[in-house]
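For reference, the structure is listed below as structure tokens.
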Amino acid sequence: MAKPLVSIFVPFKNTSAFLPECINSILAQNYTNWEAIFVDDGSEDDSYKTVKQFSEKDERIQLYKNEGSGIIEALRMAFRLSSGHYVTRMDSDDIMTPDRLEVMLNSLLKHGKKHLAVGQVKYFRTDGVSDGYARYERWINQLTETGSNYSEIYKECVIPSPCWLLHRDDFTACESFEPNRYPEDYDLTFRFYRANYKCIPCDKVLLHWRDYSTRTSRTHEHYAQNYFLDIKTHYFLELDYDKSRPLTIWGAGAKGKTVAKLLLKNKVPFYWICNNPKKIGKHIYDQELLNFDYLTQLKQPQSIVTVANEDAQREIRAYFKKQNMLSMTDYFFFC
């Protein structure tokens, strides 16, 4: 029986310093029936030349220039030019472990369609990984180990963009790279969630995720916090908001204010609660800030929590537990 072809989409721009490591990690895969489609999104360094040298030696590496502009159009082009039964994305500055494709493909072959193969990740940086990224790594790997990624989807992106694998038919069914919403990887994750593709638990590190100061996710406006909150609110209203139940926002910091503006823009009524005595009774955007105990006066409320402090989050979770409220049904942490 012929081995299925895996298509790897690799958009790139000005990553010539990292491309050789990335490409060599693809070439070193234990599973060899793959095609890697590299799309140059307007590089101004030697990135195109670097990939071209590899493509001339191995026909599995295909090289194109983006016909449009931006990472979404580069990904669309790569998908359009691909022919694999299974599809995945890779970032041009990261490194696959040698068994990444093999482990993921075997998982999907075992579980079948409507499943999503994911893998654990390991951050690395020449001058050391920050505490924030180390915490994110532990958090996302714990979710991946049990396949419970969607359980905290409103906190952060729960599927690493360069570490998933999906059957082509399922990818097409969830709109592939068609939407124009940024961050594009988080938007795609929500569409996996909407399609109810089951995450297959994985206890292995399959990707080394590079961090550096000029990384796109650190510098481009499309990856700013307001874009993340835009996507979270958009999908919450589509997928988890119950119009028959009262809605509350917990927290009146910058994130709470942004979510409030988005709800007002969408004409969604809400109550605004907090546990900061200095803010209770005040009005923001003509909305009165109420004491958090106001929740007990509402019948079956849903709550969006925008409080970032971890100690406060633990207290809020304990409060919800006392009220017999369930995560992802009654309350949703947006940070």
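The values are calculated or read from the model by the stated rules, or taken from the named source; none is laboratory data. Predicted model only: the values in this text are computed from it and were never measured. Neighbour counts run over all protein chains shown; Cβ positions are idealised from the backbone, glycine included. Side chains are part of the model used for accessible areas, which takes the heavy atoms of the whole protein and leaves out ligands, DNA and RNA. Shrake-Rupley method; radii C 1.70, N 1.55, O 1.52, S 1.80 Å.
Values for this structure:
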| quantity | calculated |
| --- | --- |
| Acute angle (nearest 10 degrees) that the helix 71-80 long axis makes with the longest principal axis of the chain, alpha-carbon atoms | 50 |
| Candidate lysines for bridging to residue 3, where Cα separation is under 21 Å - those fewer than 8 sequence places away on the same chain excluded | 110, 113, 114 |
| Expected 222 nm ellipticity per residue - DSSP helices of 4 or more, -39500 (n - 2.57), all of the chain, to 500 | -10000 deg cm²/dmol |
| At q = 0.06 Å⁻¹, base-10 log of I(q)/I(0) for the chain (Debye sum, equal scatterers on each alpha carbon) | -0.24 |
| Size-normalised alpha-carbon gyration radius of the stretch 1-109, reference 2.2 N^0.38 Å | 1.01 |
| Alpha carbon centroid spacing (whole Å) that separates the stretch 161-192 from the stretch 245-305 | 32 |
| Under-5 Å amide H pairs with residue 303, H placed in peptide plane, nonlocal only | 248, 331, 332 |
| Reachable lysines, given that their alpha-carbon falls under 28 Å from the alpha-carbon of residue 13 and they are not under 8 places away in the same chain | 49, 52, 57, 65, 122, 232 |
| Rounded, prolate or oblate (a/c below 1.5 giving rounded, otherwise prolate when a/b exceeds b/c) for the stretch 75-124 by Cα gyration tensor | oblate |
| Spatial separation of Cα centroids for the stretch 114-135 and the stretch 11-34, in angstrom | 18 |
| Size of charge dipole - the stretch 188-327 - debye, nearest 20, with Cβ of Lys, Arg +1 and Asp, Glu -1, no other charges | 140 |
| Rg followed by Dmax, in Å, when the stretch 119-241 is reduced to its Cα trace | 14.5, 43 |
| Radius 9 Å from Cβ of residue 234, net charge of other residues (Lys, Arg +1; Asp, Glu -1) | -1 |
| Furthest towards positive pole of dipole, 193, 142, 266, structure part the chain, Cβ charges | 266 |
| Computed accessible area, residue 85, all protein chains, 1.4 angstrom probe, square angstrom | 100 |
| About the Cα centre, charge dipole magnitude for the chain (Lys/Arg +1, Asp/Glu -1 at Cβ), debye | 1100 |
| For residue 285, solvent-accessible area (1.4 Å; no DNA, RNA or ligand), Å² | 90 |
| Under Karplus coefficients 6.51, -1.76 and 1.60, residue-wise ³J(HN,Hα) of the stretch 312-317 in Hz, glycine/proline x | 5, 4, 4, 5, 5, 4 |
| Within straight-line cross-link reach of residue 299, lysines at Cα separation under 21 Å, skipping those fewer than 8 residues along the same chain | 243, 267, 321, 322 |
| Residue with peak Gaussian network fluctuation, the chain [Cα springs, cutoff 10 Å], from 280, 71, 304 | 280 |
| Nonlocal amide H pairs with residue 204, under 5 Å, H built at 1.01 Å | 120 |
| Size of the stretch 231-335 as Cα extents on the principal axes (Å, biggest first) | 29, 29, 26 |
